[in-house]
Amino acid sequence: MDHEQTRRSFLGKSLTILAGAGAVVTGWAAFRFVFSGQGAKHRGGPLAGEAFSRGDGPGGSGPALTANPDGSFSLAADAVPQGFSMILALGAVPVMVLHGDRGVRAFAATCTHLGCLVRWNPDTNLFECPCHGGKYDAAGRVIAGPPPMDLAEYKVEATDQEIRILMA
C-alpha cells in the first residue's frame, strides 16, 4: 500500500507541475496579446510592390524604388495613381502610400495593435485591420477596435515626376 501512495503522490505532483507550466505559457501568451501593441512589427515576408485589390494599386510587380542617401525613398509619380494605394517595403518597414483627395500620403502599414498589415478601403475611406477589426480614418487616427495608437505618418514630397517618402 505504501507503494501505491508513492505512485499516486508522484502522479499528482507531476500533473500539478504540468498544469502550472501550461498556465504560465497561456498567461504569457495572453499578456503578449493584450499588451504588445507598442512596437509591434510586421511578421511576414517581403512586401515590395505587393498590391491589393481595387484602390490598392494598379498591380504588377511593383514600382521601381530608389533608396536615397538621406534615408528617403523615391518612386515615379505615376506608380500610385489618383484613387489608389499601395503597400511597399521601404527598407524593413511596410508603408501604405495613398493617393487620395488630399494628395499623396504615406503611413505605417502595420496595425498598432498586433502588427497585422492594414488595408485601405476606398469605399469607406478607412484603413482597416483584417485581424481584429481595428479601423483608422484617412489621417491614420484610431476610430474603432483594439489599436492603442494612431498609424505613424511619414512626410511625403510629391511632384509631377516623383513621390519622395522621408522616413525620418
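Descriptive notes on the structure:
- Tally, over the stretch 140-166, of residues that are assigned to a loop (DSSP other than H, G, I, E, B) and either at pLDDT 95 or above or within 16 Å of the chain's Cα centre (by Cα) (or both): 10
- Taken over the stretch 104-157, the criterion of being among the acidic types (Asp, Glu) and within 27 Å of Gly71 (Cα to Cα) is satisfied by Asp150, Glu153, Glu157.
- Output for the stretch 77-98, where each listed residue is closer than 18 Å to Asp123 by Cα and either outside any strand (DSSP E or B) or at pLDDT below 85 (or both): Val80, Pro81, Gln82, Gly83, Phe84
The values are calculated or read from the model by the stated rules, or taken from the named source; none is laboratory data. Bear in mind the structure is a predicted one, so any value in this text is a computation, not a measurement.
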